[in-house]
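To start, the structure itself, in structure tokens.
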Amino acid sequence: MANVIIVGMQWGDEGKGKIVDLLCPAFDGVVRYQGGHNAGHTVKFRDRHFSLRLIPSGILHPEMVCVMGNGMVIAPDALLEELGQLAASGVQFDGRLFVSNRAHVLLPFHTALDRAREEAGGANRIGTTTRGIGPAYASKASRYGLRTCDLTAPDLEERLANLRSRAEMELAVLGSEPLAALGADVCAEQCRGWAERLAPLLRDTEQLLNSWIADGRSLLFEGAQGTLLDLDHGTYPYVTSSSSTAGGACTGTGVPPTRIDGAIGVLKAYTTRVGGGPFPCELTDARGDFLRQRGNEFGTVTGRPRRCGWLDTVVARYAQRLNGIDTVALTKLDVLDEFEEIPVCVAYRLDGELRRDLPPDRRSLEAAEPVLRTFKGWQRSTAGVLEEADLPAAAREYIDFIEQELGAPVTLVSTGPRREETLLRDHPSLLRLTSGRLDRVLAQR
């Protein structure tokens with residue numbers, strides 16, 4: 001049975017939540033391996049609409065087990081709120097949602113620091129969601145963070161006092177207001193309350209996941225954000241604070257790479273990004289506004305408008321190589337339906353030279369001029385199309401070009417926001433990665 005990673009191939013917001021939700025019937029469990037409640041995965045099917053921030057997208061399938069891995073940073077209040085919303089919507093999760101007892105806890109200190117750092121950044125601010133994700137990961141890397149298994153530690157007050165004093169020192173340097181009503185005693189009481197409410201969910205998930213794999217279960221690993229936001233491999237410093245590439249699935253769950261059987265890359269038919277940072281193909285004219293409105297390009301968590309531009313195959317090729325993408329899920333093809341012409345970036349021109357690789361430094365990316373190849377638009381609705389033969393010839397040509405550029409087949413094509421609005425192309429790689437269970441996926445459409 002295959003264990004597969006779902007990874008975004010751009011700057012996030014590619015539609016990973018929909019693809020995970022769609023493929024769930026071919027797997028036994030879904031595992032989230034990094035990030036926090038700054039990420040939002042939207043899932044729609046029939047007349048239902050869910051926005052998930054922390055909990056894996058598989059939670060909407062009653063037979064699925066879901067795991068939040070050790071690579072995540074978890075804000076307990078946000079998790080409890082999300083659980084409450086799911087329960088109110090009739091989603092039952094008792095006995096099938098597990099949280100790693102090694103995941104780090106995001107505290108109010110971290111949120112205060114995140115806001116202060118962004119405000120102090122001025123024109124050079126990163127553009128974070130100010131949810132505290134970066135400071136929580138910084139605490140982890142500095143070795144004074146708090147994990148879920150530490151919420152009832154005997155020295156909890158001492159550890160919280162240490163966190164507070166460090167936060168206070170930095171806030172003073174940044175010229176921000178001191179922390180109010182966040183004393184170590186108050187936080188310790190809050191932490192113990194969280195521990196009591198989360199106790200039924202906490203597990204040694206590393207042991208749990210590896211035992212499931214040993215028993216022959218298949219798992220789908222779900223990442224947040226996208227390749228170009230990876231801390232090591234993204235457009236640094238405008239990145240997230242965790243490993244959002246396929247390698248993060250192993251460090252973020254405790255499942256060894258020898259147990260991973262492949263990766264599915266999720267690629268939007270055009271490109272978006274949120275926050276600051278270089279974006280060579282960005283459109284700042286009416287075409288960018290049209291993509292934003294037609295594609296509903298507003299953040300699931302924050303509501304912020306996303307920057308929009310043409311598809312960038314320099315970025316996509318980089319993501320394919322870095323993640324070892326076996327097959328591609330192409331999303332939001334229908335958003336391009338009305339364009340007469342559709343340019344695609346195939347290379348950059350930098351200092352008079354043509355480059356097909358991604359420069360590592362920010363200044364080169366900011367100076368890069370996109371080299372465009374223009375495709376004829378199909379100007380016909382592809383919304384809800386489920387059969388490849390029903391796609392316009394120009395749309396098929398667009399997909400074929402993407403396959404050639406990436407050296408990987410496009411086997412899923414999203415033609416609308418709902419689960420059932422997805423075209424599946426018959427291909428051996430998709431059959432292999434779904435362990436021959438593709439008929440189950442097709443049945444739910």
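Descriptive notes on the structure:
- Relative contact order %, the stretch 162-244, counting alpha carbon pairs below 8 Å whose residues are six or more apart: 13 percent
- Only helical runs count toward this figure. For the chain, summing -39,500 (n - 2.57) over DSSP H runs of n ≥ 4 and dividing by all residues gives -9500 deg cm²/dmol at 222 nm.
- Mean separation of Cα contacts under 8 Å (6+ apart) over length of the stretch 42-195, as relative contact order %: 19 percent
- Distance between the C-alpha centres of the stretch 323-381 and the stretch 101-141: 32 Å, rounded to the whole angstrom.
- Computed on the Cα atoms alone, the convex hull of the stretch 365-417 gives a volume of 131 cubic angstrom per residue.
- Estimated distance in nm for a label pair at residue 141 and residue 211, the labels positioned 7 Å out from Cα along Cα-to-Cβ: 3.4 nm
- In the assembled protein chains, residue 339 presents an accessible area of approximately 20 Å² (probe radius 1.4 Å).
- The slack in the chain from residue 362 to residue 284, taken as 0.36 nm per residue of separation less the alpha-carbon distance, amounts to 26.1 nm.
- A simple rule links phi to the HN-Hα coupling: the Karplus curve 6.51 cos²θ - 1.76 cosθ + 1.60 with θ = phi - 60°, which for the stretch 199-214 gives 3, x, 9, 6, 8, 7, 6, 4, 5, 4, 5, 5, 6, 4, 5, 4 Hz, with x for Gly and Pro.
- Residue 266 long-range amide H proximity, modeled H, under 5 Å: 7, 8, 9, 329
- For residue 105, the amide hydrogen comes within under 5 Å of the amide hydrogens of 74, 146, 147, 148, counting only partners 5 or more places away or on other chains and with H modelled in the peptide plane.
- Histogram of C-alpha separations across the stretch 275-354, 10 Å bin width, %: 14, 42, 36, 8, 0
- Based on C-alpha pairs under 8 angstrom that are at least 6 apart in sequence, the chain has a relative contact order of 21 percent.
- Rolling a 1.4 Å probe across the protein heavy atoms gives the chain an accessible surface of 40 Å² per residue.
- From the alpha carbon centroid of the stretch 10-33 to that of the stretch 187-209 is 25 Å.
- Pairs of lysines in the chain whose Cα atoms sit within less than 19 Å of one another amount to 11, provided the residues are eight or more positions apart or on different chains.
- Shown for the stretch 71-198 is the translational diffusion coefficient from the Stokes-Einstein equation, using the Kirkwood radius over Cα pairs, a temperature of 20 °C and a viscosity of 1.002 mPa s: 137 µm²/s.
- Calculated Cα Rg over 2.2 N^0.38 Å (choose from (i) 1.08; (ii) 1.03; (iii) 0.97), label: (iii)
- Calculated Rg and Dmax of the stretch 199-239 using C-alpha coordinates, Å: 15.5, 41
- Residue 204 paired with residue 379, simple spin-label distance in nm, labels 7 Å along Cα-to-beta-carbon: 6.5 nm
- Placing +1 on the Cβ of every Lys and Arg and -1 on the Cβ of every Asp and Glu, with nothing else charged, gives the chain a dipole about its Cα centre of roughly 160 debye.
The values are calculated or read from the model by the stated rules, or taken from the named source; none is laboratory data. Model, not experiment: these values are computed from the prediction. Because the Cβ atoms are built from the backbone with ideal geometry, glycine has one as well, and the counts that use them run over all protein chains shown. Areas reflect the complete protein model, heavy atoms only, side chains present, ligands, DNA and RNA absent. Shrake-Rupley method; radii C 1.70, N 1.55, O 1.52, S 1.80 Å.
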